[in-house]
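Here's the structure we're looking at; comments come further down.
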Amino acid sequence: MLSYPAAIPLSNHTLIRLADLIRAERARRRSRWRRLDPGRQALLVLAHLRNGDPHVRLAVGFGISHSTARRYVREAVDLLAALADDLHAAGERAARLAYAILDGTLVPIDRVTNQKPYYSANTDATASTSRSSPTRRAGWCGPRRPCPAPSTT
């Protein structure tokens, strides 16, 4: 198997913050020994979350088993999820904004027509859309649908 150096476009602060969370959780659980130290586990998790590297590839790169890589990612994602707002608080925060970013997709509020997803010919994709305004509390997100077949005319 060949290996190569790679970069993750994240700040060092992100790595340190996640490593501190992992270190605190290990201390809370009184975990005495792990194959990777908290910094290496944080790097493994960030490589998976940011670059989408599969668990098998990460396991080989970090010299651990596939199941250990999967467990390390799950543990860190659970720690990060515990820091996140609940759905109600996130909805209240999004209601104060002009637009919301959901799952890494910009969801504009001015492109909703008859509650249908907006089709972008530039990206050849159907985008999910959201309706929100300062006077209304509820928002709507359209379901993602497969893109229609490209026009040949």
Hey, R71 over 19 Å from the mean Cα position of the chain (by Cα) and surrounded by 13 or more Cβ atoms within 10 Å (Cβ to Cβ) or not = no
Among (1) loosely packed, with under 13 Cβ neighbours inside 10 Å; (2) under 16 Å from Y72 (Cα atoms); (3) in contact (Cβ under 8 Å) with a residue 40 or more places away in the chain, the one test that A6 misses = (2)
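What number of residues in segment 17-36 are surrounded by fewer than 13 Cβ atoms within 10 Å (Cβ to Cβ) and either within 23 Å of the chain's Cα centre (by Cα) or at pLDDT 90 or above (or both)? Reasoning before the result, please.
From segment 17-36, those surrounded by fewer than 13 Cβ atoms within 10 Å (Cβ to Cβ) are 24, 27-33; that's our starting set.
Those left that are additionally either within 23 Å of the chain's Cα centre (by Cα) or at pLDDT 90 or above (or both): 24, 27-30.
Looking only at that region, the number is 5.
The values are calculated or read from the model by the stated rules, or taken from the named source; none is laboratory data. From a predicted model like this one, the values you see are computed outputs, not experimental measurements. Cβ atoms come from the backbone with ideal geometry, glycine included; neighbour counts cover every protein chain shown.
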